[in-house]
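Asker: Sharing a structure with you now.
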Amino acid sequence: GEMKNALLMNVAADWAAQDATNAIKWAESLPVPAEKQLALATLAESWADVSPLVAAEFALNLAPAELRQRATLAALHVFERAE
């Protein structure tokens, strides 16, 4: 439910800012596709705060297309906030 999604987002965001490589491994290991996609998109957005170009490149290589689009938009949103 919503509480679980909020926890996934918090873990993904905090972990990505500190150790993106292991955060990605964790997110990829999530068994529920919707949770995996939520974690990866959140991870990309948080990672973009630290390294925007690397995060956007990461997001562009995700599959399926829906996840790629969601994560790329999340990463690029950082540029929008900077303006």
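The values are calculated or read from the model by the stated rules, or taken from the named source; none is laboratory data. In this text, all values refer to a predicted model and were calculated from it rather than measured experimentally. Don't worry about glycine lacking a Cβ; one is built from the backbone with ideal geometry, like all the others, and counts go over all protein chains shown. Remember, those area values only see protein heavy atoms, side chains included, never the ligands or the DNA or RNA. Shrake-Rupley method; radii C 1.70, N 1.55, O 1.52, S 1.80 Å.
Here's the yes/no breakdown for (1) modelled with pLDDT under 90; (2) touching a helix residue (DSSP H, G or I) at 6+ places or on another chain (Cβ under 8 Å); (3) closer than 13 Å to THR72 by Cα:
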{"site": "GLN37", "(1), (2), (3)": "no, yes, yes"}
{"site": "TRP47", "(1), (2), (3)": "yes, yes, yes"}
{"site": "VAL50", "(1), (2), (3)": "yes, yes, no"}
{"site": "LEU53", "(1), (2), (3)": "yes, no, yes"}
{"site": "PHE58", "(1), (2), (3)": "no, yes, yes"}
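Asker: Does at least one position in region 11-30 carry a residue that is modelled with pLDDT under 90, open to solvent by 40 Å² or more (accessible area, probe 1.4 Å), of a type in the set (Phe, Trp, Tyr) and outside any loop (DSSP other than H, G, I, E, B)?
Answerer: Filtering region 11-30 down to residues modelled with pLDDT under 90 leaves 17.
Among the residues that remain, those that are also open to solvent by 40 Å² or more (accessible area, probe 1.4 Å) are: 17.
Okay, now just the ones that are also of a type in the set (Phe, Trp, Tyr), so none.
No: region 11-30 contains no residue that is modelled with pLDDT under 90, open to solvent by 40 Å² or more (accessible area, probe 1.4 Å), of a type in the set (Phe, Trp, Tyr) and outside any loop (DSSP other than H, G, I, E, B).
Asker: Just need a number here: residues in region 37-83 that are open to solvent by 40 Å² or more (accessible area, probe 1.4 Å), hydrophobic (A, V, I, L, M, F, W, C) and either under 16 Å from LYS4 (Cβ atoms) or not in a helix (DSSP H, G or I) (or both).
Answerer: The number of residues fulfilling the criteria is 1.
Asker: Return yes when ALA34 is within 9 Å of the chain's Cα centre (by Cα) and either buried (at least 18 other Cβ atoms within 10 Å of the Cβ) or in a helix (DSSP H, G or I) (or both) and no when it is not.
Answerer: Working: within 9 Å of the chain's Cα centre (by Cα): no; either buried (at least 18 other Cβ atoms within 10 Å of the Cβ) or in a helix (DSSP H, G or I) (or both): yes.
Criteria not met by ALA34.
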